[in-house]
Amino acid sequence: MGRAFVYVDGLALYHSVRDGSYKWLNILLLAQLILKESGLSAELGDIHYFTAKFKDSAKDAEEQQIYLDALERSNLGLTFHYGIFLRKNRDDEWEEKMTDVGIACQMISDRFTYDEEMEAVFLLSNDTDFVPALKAIRNADKKAIMVALSSAYNKKLAQEANSTQIMTPSKYKKCLLPDKIKVGKTLTRPEGW
């Protein structure tokens, strides 16, 4: 039985659920849900979570840190990868860097490292930058599954995938962390998350 590897664009996921109360996601439950819904008989492989820490809002940065602490301390088996935010211009605009490239590089690295084991790749993102990476996965005779983070998904990216799953509020609701997590200290779900 092969393994299915999961790659999460954390910032894209955050922005996709920003208007709802579904940011407090248990990424392991989310990965298990998408694997189950895919119909594949593969086992869940590595789960890679990519993000960058907010710099533009102290409130957003604090809430994001509480969430990242909850994920890291809950021992969900995730591997974390951090990009950075760089100042885009003098108007205090910030631009996230190294996340997309990090995801693509990890995906291709895993394809070579786990060639015999890898059956499928699940990409949770809406970014067209991943078209070449999905193409490389498919060219290696692996299944590339795009997990659209909302109903407004990237058609070009979906065309490159073997299949597409669309996340909905009801699916996100099934994958929430408990409101309070006691891991050394108690971490409480921020309001609106």
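The values are calculated or read from the model by the stated rules, or taken from the named source; none is laboratory data. Keep in mind that this is a model prediction, so the values were computed, not measured. Cβ coordinates were reconstructed from backbone atoms using ideal geometry, including for glycine residues, and neighbour counts include every protein chain displayed.
Here is how the numbers come out for the structure above:
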{"quantity": "Unique residue being touching a Leu at 6+ places or on another chain (Cβ under 6 Å), within 20 Å of Trp193 (Cα to Cα) and in contact (Cβ under 8 Å) with a residue 40 or more places away in the chain when the list is Ala70, Ala52", "calculated": "Ala70"}
{"quantity": "Inter-residue pairs, beta-carbon under 7 Å, first touching a residue at least 12 places away in the same chain (Cβ under 8 Å) and closer than 9 Å to Asn126 by Cα and in the range 6-17, second of a type in the set (S, T, N, Q) and assigned to a helix (DSSP H, G or I), 6+ apart", "calculated": "Asp9/Thr99"}
{"quantity": "Residue among Ile66, Ile137 that alone is out of contact with any Phe, Trp or Tyr (no Cβ under 7 Å at 6 or more places or on another chain), crowded, with 18+ Cβ neighbours inside 10 Å and among the β-branched types (Val, Ile, Thr)", "calculated": "Ile137"}
{"quantity": "Number of the condition not met by Tyr153 [criteria: (1) outside any loop (DSSP other than H, G, I, E, B); (2) closer than 21 Å to Leu33 by Cβ]", "calculated": "(1)"}
{"quantity": "Test: residue in the range 44-52 that is of a type outside the set (Ser, Thr, Tyr), assigned to a helix (DSSP H, G or I) and under 14 Å from the mean Cα position of the chain (by Cα)", "calculated": "no"}
{"quantity": "Enumeration of residues in the range 48-61 that are of a type outside the set (A, V, I, L, M) and either at pLDDT 95 or above or touching a helix residue (DSSP H, G or I) at 6+ places or on another chain (Cβ under 7 Å) (or both)", "calculated": "His48, Tyr49, Phe50, Thr51, Lys53, Phe54, Lys55"}
{"quantity": "Residue ranges of strands (runs of 3 or more DSSP E) in the range 69-134 with at least 1 members farther than 17 Å from Ala31 by Cα and of a type in the set (Asp, Glu)", "calculated": "94-97"}
{"quantity": "Hey, Glu63 more than 23 Å from Asp127 (Cα to Cα) and among the acidic types (Asp, Glu) or not", "calculated": "yes"}
{"quantity": "Residue count, the range 1-25 (criterion: within 23 Å of Glu96 (Cα to Cα), of a type outside the set (Ser, Thr, Tyr) and assigned to a loop (DSSP other than H, G, I, E, B))", "calculated": "6"}
{"quantity": "Residue within the range 173-181 that is at pLDDT below 90, exposed (fewer than 15 other Cβ atoms within 10 Å of the Cβ) and not acidic (Asp, Glu) present", "calculated": "no"}
